[in-house]
Amino acid sequence: MFERLKALGILGINRRIGEFILPYNPRSLYPLVDSKIITNELCVKHNIPTPALYWHIDSYGQLKKMGESLKQYKEFVIKPSRGAMGNGILIINQVNWQDPPDQWIFQTSKGEFTKKDIEHFISDILSGMYSLNGSPDTAIIQEKLIPHPELARFSYKGIPDIRVIVFKGYPVMSMLRLPTSLSRGRANLHQGAIGCGVELSTGKVNNAIWKNKKIKFHPDTDQEFTTLQVPFWDQVLLMAVQCFDMTGMGYLGVDIVLDEKRGPLLLEINARPGLAIQTANMKGLLLNLNKVKELSANVDGHSKVEYAVRNF
């Protein structure tokens, strides 16, 4: 079995850590990607499109300024700055900012919330309930996105996202994650989303896996995956490559969403990307990673995208 997996180029957890994460991702750089606030600031500095950050809350006392800080927005998303696996995210679809504050009504992805309900939700985030290691966190208030129509027809609620594995600045593998009713509208494979392998050369879906089984149609929308080609594909790959230059980290999982109006937006960067992308593509990462090992990282982004499109 081991020899067969090796022949397929399957990358395991230990080798991923020892051969790629530890040597190429210095610990000192982790805060750049573990905090969504810092990542947002980097994106602004490097002119990489990303969802707008409206406000962030570091302490319980700031909750008193909720109305003052957010009344200009009728819809937004509340999430933890250092969250994991899509947990701790609340979508606000509409707000009735009427006075007095105890009459504020929030129409959310989890039903109708009062001001007190929202404060409790944010307090949970601040306490670290959803953070990577359980430590106190910051709540961020972010622009609500509308999925691109081409991806929306393959998605049950929620926002689909595109994961690109980038090594030394070269895209080496990609997949599309599609929310389902089982995943409750989240694009998280462990919670029941669909993982679709995407050809780096074309942006076309070549395979779809759901609950560890290969499928041809989305279980909720009945759309056939062979008809799906990710829009803005060249821009998606170039944006993923730019994350190497922006962070200095050599092995990354870059998550990008396609908004109906704004196009590709960088959602977040992961310094410890999982390995399910291999299942989605029905092929191993090692073959492509080993090719890139021999390449120089000191070439421009367009050349890296061209190499990936030609060779992967």
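A few notes on this one:
- For region 266-275, the Karplus equation 6.51 cos²θ - 1.76 cosθ + 1.60, evaluated at θ = phi - 60°, returns couplings of 6, 8, 6, 10, 10, 7, 10, x, x, 10 Hz by residue, with Gly and Pro reported as x.
- Amide H contacts under 5 Å for residue 146, placed H, 5+ residues apart: 260, 261
- For the peptides 273-279, 190-196, 143-149, 220-226, the ranking by packing is 190-196, 273-279, 143-149, 220-226, with the highest mean count of neighbouring Cβ atoms within 10 Å listed first.
- Look at the alpha carbon pairs under 8 Å that are at least 6 residues apart: their mean separation over the length of region 115-273 gives a relative contact order of 21 percent.
- Cα-based shape type of region 130-183, given that a ≥ b ≥ c are square roots of the gyration tensor eigenvalues and the cut on a/c is 1.5: oblate
- Using the Stokes-Einstein relation with a Kirkwood hydrodynamic radius computed over Cα pairs, the translational diffusion coefficient of region 206-312 at 4 °C and a viscosity of 1.567 mPa s comes to 82 µm²/s.
- With contributions of -39500 (n - 2.57) from each DSSP H run of at least four residues, the per-residue ellipticity at 222 nm computed over the chain stands at -7000 deg cm²/dmol.
- Burial ranking of peptide ranges 92-103, 207-218 (average Cβ count within 10 Å, highest at the top): 207-218, 92-103
- With R₀ fixed at 25 Å, the C-beta to C-beta distance from residue 235 to residue 291 puts the FRET efficiency at about 0.60.
- Applying the Karplus relation 6.51 cos²θ - 1.76 cosθ + 1.60 with θ = phi - 60° to region 53-58 yields 3J(HN,Hα) values of 9, 7, 6, 9, 10, 9 Hz, where x marks Gly and Pro.
- Label point 7 Å beyond Cα of residue 181 along Cβ direction - residues of region 127-156 with amide nitrogen under 16 Å: 154-156
- Computed from backbone phi, the HN-Hα couplings of region 250-258 come to x, 10, 9, x, 9, 10, 10, 10, 10 Hz, rounded to whole numbers (Karplus: 6.51 cos²θ - 1.76 cosθ + 1.60, θ = phi - 60°; Gly and Pro given as x).
- Less than 5 angstrom separates the built amide H of residue 206 from those of 197, 198, 199, all sequence-distant by 5 or more or on a different chain.
- Binned Cα-Cα distances of region 53-174, short to long, each 10 Å bin given as a whole percent: 12, 38, 32, 14, 4, 0
- Cα gyration tensor shape of the chain, rounded if a/c is under 1.5, else prolate or oblate by comparing a/b with b/c: prolate
- Computed over region 30-84, the convex hull of the alpha-carbon atoms projects to a mean area of 4.7 nm².
- Each peptide in 124-130, 26-32 gets a packing score, the mean of other Cβ atoms within 10 Å over its residues, and the list from highest to lowest is 124-130, 26-32.
- D_trans [Stokes-Einstein, Kirkwood Rh over alpha-carbon pairs] for region 133-274, 4 °C, 1.567 mPa s, µm² s⁻¹: 84 µm²/s
Every read-out reported here was derived from the displayed coordinates using simple, explicitly stated rules and does not represent laboratory data. Predicted, not measured: the structure shown is a model, and the values here were computed from it. Positions of Cβ are backbone-derived with ideal geometry, glycine not excepted, and every protein chain shown enters the neighbour counts.
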